[in-house]
Amino acid sequence: MENKICVLSTKKLKSNQKELLLNADFSLLEMDFIKIKSLSFQIKNKPDLLLFTSQNGVNSVLENEKINELKKISAICVGSKTKKLLENNGFIVLESEEYASDLAPIIQNKYIKNHIGFFAGNLRRNVLPIAMQEANIIYDEYLVYENSPNHEKVNTTTDAILFFSPSGVISYLSQNTIENQICFCIGTTTAEALTEITTNIVIANQQTVENVIEQCIKYYK
């Protein structure tokens, strides 16, 4: 009997995401290599545009006491899933790009006169702050969630690893190695964290968990 391909997901998957792999006859191992903690924050000056770079940022803002006021303000964001989460919770999204580097010139060209509220995590990249500073855009940055490593040791032999963030890569490598496994990454930034470790990298076409899984299934089937 042929052994099943063993896939390690570096974060716990939703039931419909798991089913994609199990229905394709893979065996699945899941571990959360990152812990996300929402942080409370106070709005300093009321912005006229909201900027989000992740679903974690949206989830934290949804817990804020001023949420009903914030929902009346239009938003721009990074990621199709972030956009969907915002819209499902009553926000109007004016712009959405898969990468911060694609959103940056749009902000510089179209939103130069706006006062932006930027909701970020502790490991946020500098792409958007630099873009706003270069264009002299007024913005307030709010630290709304904390991303910390969860060091787990994997004792099972795996064939493929699903990675969803550079911090997930770093956390995984703190206790584990990559040998011949194929690494499936949610985006180019995550893939960059692996380039000195392995050449066995496949990058998703869209920055969604489902597309990472899809690329994995396609690779082996």
| query | Is it the case that residue 101 is in contact with a Cys (Cβ under 6 Å, 6 or more places away or on another chain) and under 27 Å from residue 51 (Cα atoms)? | reply | no
| query | Would you call residue 145 touching a strand residue (DSSP E or B) at 6+ places or on another chain (Cβ under 9 Å) and surrounded by 19 or more Cβ atoms within 10 Å (Cβ to Cβ)? | reply | yes
| modelled with pLDDT of 95 or more, charged (D, E, K, R), assigned to a helix (DSSP H, G or I) and surrounded by fewer than 19 Cβ atoms within 10 Å (Cβ to Cβ), is that true of residue 102? | yes
| said: Would you confirm, using the coordinates I've provided, whether residue 4 is touching an Asp or Glu at 6+ places or on another chain (Cβ under 8 Å), under 23 Å from residue 146 (Cα atoms) and of a type outside the set (Gly, Ala, Ser)? | reply: no
| query | Given the residues 20, 94, which is the only one that is surrounded by fewer than 20 Cβ atoms within 10 Å (Cβ to Cβ), touching a residue at least 12 places away in the same chain (Cβ under 8 Å) and outside the structural domain of residue 117 (by TED's automatic domain parsing)? | reply | 20
| Condition met for residue 45 (modelled with pLDDT under 95 and either more than 17 Å from residue 147 (Cβ to Cβ) or not charged (D, E, K, R) (or both)) | yes
| said: Residues that are farther than 27 Å from residue 152 by Cα, at least 2 per element: which strands (runs of 3 or more DSSP E) completely within region 22-89 meet that? | reply: 49-52, 75-78
| query | Can you spot a residue in region 4-19 that is within 17 Å of the chain's Cα centre (by Cα), among the aliphatic types (A, V, I, L, M), closer than 23 Å to residue 119 by Cβ and modelled with pLDDT of 95 or more? | reply | no
| query | For the subset of region 187-203 comprising residues that are in contact with a strand residue (DSSP E or B) (Cβ under 7 Å, 6 or more places away or on another chain) and among the aliphatic types (A, V, I, L, M), which member is farthest from residue 23 (Cα to Cα)? | reply | 194
| Within region 1-13, which residues are without any contact (Cβ under 8 Å) to a residue 60 or more places away in the chain and either basic (Lys, Arg) or within 20 Å of residue 167 (Cβ to Cβ) (or both)? | 4, 12
| said: Condition first: surrounded by fewer than 21 Cβ atoms within 10 Å (Cβ to Cβ), in contact (Cβ under 8 Å) with a residue 24 or more places away in the chain and farther than 22 Å from residue 189 by Cβ. Can you find one or more residues in region 161-170 that meet it? | reply: no
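The values are calculated or read from the model by the stated rules, or taken from the named source; none is laboratory data. The shown structure was predicted, so the numbers you read here are calculated from the model rather than taken from an experiment. Note: ideal-geometry Cβ built from the backbone for every residue, glycine included; neighbour counts use all protein chains shown.
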